[in-house]
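*Asks:* First the structure, which I've put down as structure tokens, then a few questions once you've had a look.
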Amino acid sequence: MKLYYDFHIHSCLSPCGSEDNTPNNIVNMALIKGLQAIALSDHNSGKNCPATMEAGRKNGLVVLPAMELTTSEDIHILCLFERYEDLEKLETYIQKTRLRVKNRPEIFGHQYIMNERDEVIGEEEDLLIVSSGVSVEEAAALVKGFGGIAVPAHIDKQSNGLVGILGAFDPSLGFGLIESTLDSGIPLPQITNSDAHYLWDISEAEHFLDAETCSVRGVFAALKKMCEEGNR
Ligand SMILES: [Zn+2]
Ligand SMILES: [Zn+2]
């Protein structure tokens, strides 16, 4: 079945994400836009995924747990998962490697953690957008080891995109899927997402994938299949 998606959306946990990007607002806006599947991908953290997944379950929207990992080279890698528990393990791992810099909300913005009723239940104190100690060479295998799929994010963008930083795409890095808004010319399956930091930037129903079922399992299996085809 054809499912319209947007697998790169930030919440109010990302310092650069709007405070209006609460779990329920994101789910409702995605439904208004006509999407069937999204992923919540905050910088280096998945802590708003449980609430957003719950809001999705209640309202009939598939929500994959995800995060946008910053590598040690400052390259952004979208990490998509089926189970939040697996994403949590990746987060625990990268937290140990991440530079610890206190967030300054007055400059970078708040980093709110919310429950499924959009109530603030915590605030992340360390700035989330800093580099982790994970290199781009190890990212694909590391994420796969935790059960996820690593996708170089906005590969067509100069800032924080893999090609912009490394100068070229190296197939030996092990990625099987890329994220781009343009045809990147890289011979790998591609997904196109919004990278929305504001509600109105969430994708319209423009990009779809073919999944067996409209469920977290069905959508993740479809992405995994694309990734495996890319790795062949
Ligand atoms: Zn990014
Ligand atoms: Zn992003």
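The values are calculated or read from the model by the stated rules, or taken from the named source; none is laboratory data. Given the structure is predicted, the values throughout are model-derived calculations rather than measurements. A quick note on method: Cβ atoms are made from the backbone with ideal geometry, for glycine too, and the neighbour counts reach across all protein chains shown.
*Asks:* Applying the selection to region 44-64, what residues are part of a strand (DSSP E or B), away from ligand 1 (no atom under 16 Å from the Cβ) and in contact with an Asp or Glu (Cβ under 8 Å, 6 or more places away or on another chain)? Outline the logic, then answer.
*Replies:* Of all residues in region 44-64, those part of a strand (DSSP E or B) come to 45, 62-64.
Narrowing further to those that are away from ligand 1 (no atom under 16 Å from the Cβ): 62-64.
Of everything in region 44-64, just one residue is part of a strand (DSSP E or B), away from ligand 1 (no atom under 16 Å from the Cβ) and in contact with an Asp or Glu (Cβ under 8 Å, 6 or more places away or on another chain), namely 64.
*Asks:* Out of (1) part of a helix (DSSP H, G or I); (2) buried (at least 24 other Cβ atoms within 10 Å of the Cβ), what's the single condition that is false for residue 41?
*Replies:* In the conditions (1) part of a helix (DSSP H, G or I); (2) buried (at least 24 other Cβ atoms within 10 Å of the Cβ), residue 41 misses (1) alone.
*Asks:* With the requirement that a residue be in contact with a Phe, Trp or Tyr (Cβ under 6 Å, 6 or more places away or on another chain) and β-branched (Val, Ile, Thr), what does region 144-186 give you?
*Replies:* If the condition is that a residue be in contact with a Phe, Trp or Tyr (Cβ under 6 Å, 6 or more places away or on another chain) and β-branched (Val, Ile, Thr), then 163, 186 are the ones that fit.
*Asks:* Ok, one more. Considering region 113-147 alone, what residues qualify as being within 17 Å of the chain's Cα centre (by Cα) and at pLDDT below 95?
*Replies:* 128, 129, 130, 131, 132
*Asks:* Name the strands (runs of 3 or more DSSP E) wholly inside region 101-186 in which the number of residues that are of a type in the set (A, V, I, L, M, F, W, C) and within 16 Å of ligand 2 (Cβ to nearest atom) is 1 or more.
*Replies:* Where strands (runs of 3 or more DSSP E) fall fully within region 101-186 and carry at least 1 residues being of a type in the set (A, V, I, L, M, F, W, C) and within 16 Å of ligand 2 (Cβ to nearest atom), they are 149-152.
*Asks:* On to the next question. Inside region 192-216, can you point out the residues that are of a type in the set (A, V, I, L, M, F, W, C) and farther than 24 Å from residue 83 by Cβ? Outline the logic, then answer.
*Replies:* We begin by selecting, within region 192-216, every residue of a type in the set (A, V, I, L, M, F, W, C); these are 196, 199-200, 202, 205, 208-209, 211, 214, 216.
Passing the criteria: 199, 200, 205.
*Asks:* Could you list all residues from region 148-159 that are within 16 Å of ligand 1 (Cβ to nearest atom), under 14 Å from the mean Cα position of the chain (by Cα) and more than 14 Å from residue 230 (Cβ to Cβ)?
*Replies:* Within region 148-159, 153, 154 meet the criteria.
*Asks:* Within region 21-37, can you find the residues that are in contact with a Gly (Cβ under 9 Å, 6 or more places away or on another chain), closer than 10 Å to residue 118 by Cβ and assigned to a loop (DSSP other than H, G, I, E, B)?
*Replies:* none
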